[in-house]
Amino acid sequence: TLQKEKIKSSFFFTGDFLRNPDFKNLIRQLNLDGNQIGPHSDKHLLYCDWNKRDSLLVTYSDFSFDLRMNIATMDEFDLGSYHPYHPKFFLPPYEWYNDSIAAWTKEMGLQLINFTPGTKSNADYTTPDMKNYRSSEEIYKSIISDEQSRPSGLNGFILLLHIGTDPKRTDKFYKRLPELIKYCKAKGYHFQTIDRLLKAD
């Protein structure tokens, strides 16, 4: 869909995903197509407690080693201008963090980012057995509703979708991507990678 629509996007992968031989051709093709590829931690660690967000579950040593391993794995790919790999942005695992994680990320020379709240797009990983399950129709409507209710619409919006989901989720939201892109283009939106959106050097 991205190729057909001539859209470049940003993909944030764990080290485990990058090391999976089944995904190597996909990752290389995404890079050849001009998409941005960034780190999402090596082992998808949970950094802080779900209920007490200020309670860290990792040390700085755990955090920095895990992130360095994720970035080192990027160097195994021919990433063109990104090789050797020097990422600018970091999407934390589970999209869950606190001020300590943000500070540690900055200390390692990266900018922590996250999705823009408001839509349910990030729930596209959920499966029917989960209490927080959201159907693709519900997710799609939440994006359209948010776009129509905000004075600025989706301008500057970071919309997070998952590249793959559990087989138990047969209602894949990425199948709605052509429809969503068509809607956004009709509204005059232009799609950007994170570095261009945030005007990184």
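When DSSP assigns beta bridges and you keep just the ones with both residues in the chain, what percent turn out antiparallel, to the nearest 5? Before the final figure, lay out each step's value.
Working: 1 of 8 bridges.
Of all bridge pairs located within the chain, approximately 10 percent are antiparallel.
Treating only the Cβ of Lys, Arg, Asp and Glu as charged (+1, +1, -1, -1), what charge dipole size does the chain show about its Cα centre? Round to the nearest 20 debye.
On the way: 27 positive and 26 negative charges, 155 e Å.
Once rounded to the nearest 20, the dipole reads 740 debye.
Tell me what the chain gives for mean residue ellipticity at 222 nm when only DSSP H runs of n ≥ 4 count, each as -39,500 (n - 2.57), the sum divided by the residue total, rounded to 500 deg cm²/dmol.
Mean residue ellipticity at 222 nm (helix-derived): -9500 deg cm²/dmol.
Accessible area per residue for the chain in Å², computed with a 1.4 Å probe and the full protein assembly in place, what is it?
Numbers: 11480 Å² over 201 residues.
About 57 Å² of surface per residue is accessible.
With all distinct Cα pairs included, what does the Kirkwood hydrodynamic radius of the range 98-180 come out to in Å, to one decimal, could you say?
Working: mean 1/r = 0.0693 Å⁻¹.
Its Kirkwood hydrodynamic radius stands at 14.4 Å.
Sorted from largest to smallest, which semi-axis lengths in Å does the alpha carbon gyration tensor of the range 136-201 give for its equivalent ellipsoid, taking the root of 5 times each eigenvalue?
Values: eigenvalues 102, 54, 22 Å².
Semi-axes from the Cα gyration tensor: 23, 16, 10 Å.
Explain nothing, just the number: dipole magnitude of the range 82-169 about its Cα centre with +1 on each Lys and Arg Cβ and -1 on each Asp and Glu Cβ, in debye rounded to the nearest 20. Intermediate results must be reported in sequence, preceding the final value.
Numbers: 9 positive and 10 negative charges, 9 e Å.
Approximately 40 debye in magnitude.
Ratio of the chain's C-alpha Rg to 2.2 N^0.38 Å, to two decimals? Walk me through the intermediate numbers first.
On the way: Rg = 17.1 Å, N = 201, 2.2 N^0.38 = 16.5 Å.
It is 1.04.
What spacing in nm lies between the two simple spin-label points modelled at residue 25 and residue 131, each 7 Å away from Cα in the Cβ direction?
4.2 nm
The values are calculated or read from the model by the stated rules, or taken from the named source; none is laboratory data. Since we're looking at a predicted model, the values are computed, not measured. Glycine gets a Cβ as well: all are built from the backbone with ideal geometry, and neighbour counts include every protein chain shown. Ligands, DNA and RNA are stripped out before the accessible areas are found, and what is left, the full protein with its side chains, is counted by its heavy atoms. Shrake-Rupley method; radii C 1.70, N 1.55, O 1.52, S 1.80 Å.
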